[in-house]
Amino acid sequence: MLHPLLAARWSPTTFDASYELAASEIEALLEAARWAPSAGNSQPWAFIVGQRGDATHARLVRHLARSSGAWAPGASLLIANLAHRYVEDTDWEYSEFSLYDLGQAVAHLTVQAQALGLHVRQFRAFDRAGLAAEFAVPQHWEVTTMAAVGRAAATSAAPSAPERSSCARRADKASRQRRSIDDILWPVA
Ligand SMILES: Cc1cc2nc3c(=O)[nH]c(=O)nc-3n(C[C@H](O)[C@H](O)[C@H](O)COP(=O)(O)O)c2cc1C
């Protein structure tokens, strides 16, 4: 059976704009990312973390797209997810897997958030080049995605857990359809 933490996880677009994360919650989120597996234990990730109200948050918000700008600033935390990319003639042996590794680290963070009663929505709707310039991110680091973390607003309807059939909102239900297990198994000839 799917673990309840995984079954209950979902990505809201309406966050409680008054909820402030405790320092211990932020630390637990980053610890979860930190302990993710990575190729050769290379840990090729870095995070730009802005807490609603601080200067980093304001600088991150500047680069949101019109779509994410409508909901992401209400989250308690905005995180830009960076991967250390392969650079020719360096000893960075494992960074060919850095995007894979970063995804796992963010997945761990997401499950940790769920365990803390928090929610995460990862997103790509922002100006990656603008954000990289804003924080003087060097070429061998890639700004990949962002994550908004906080408490889902009380008004946002949680979609059904995967094993349930009814759903509060048609749109949420549609966006949470999954391919079947049969469909994700490669047809071995
Ligand atoms: C790499 C990535 C990029 C995403 N980009 C966006 C985005 O730009 N805007 C958005 O609203 N959601 C975005 N999402 C959220 C997905 O749409 C969402 O995770 C998906 O619909 C499944 O819903 P669930 O997380 O509730 O299971 C993104 C998720 C990932 C992992």
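The calculated pair-distance distribution of segment 15-66 uses every alpha carbon pair, bins of 5 angstrom beginning at 0, and gives 4, 15, 19, 22, 18, 13, 7, 2, 0 percent.
Taking the protein heavy atoms of the chain in the context of the full set of protein chains, the accessible area attributed to carbon and sulfur is 53 percent at 1.4 Å. If you take the alpha carbon atoms of segment 42-114 and fit the smallest convex hull around them, that volume is 117 Å³ per residue.
Close amide H partners of Arg52, meaning residues 5 or more places away or on another chain with modelled amide H under 5 Å apart, are Leu77, Leu78. Expressed as a fraction of 2.2 N^0.38 Å, the value expected for a compact globular protein of N residues, the C-alpha radius of gyration of the chain is 1.09.
The values are calculated or read from the model by the stated rules, or taken from the named source; none is laboratory data. Only a predicted model underlies this, so the values are computations on that prediction, with no experimental measurement involved. Quick note on the areas: whole protein, heavy atoms, side chains included, nothing else; ligands and nucleic acids left out. Shrake-Rupley method; radii C 1.70, N 1.55, O 1.52, S 1.80 Å.
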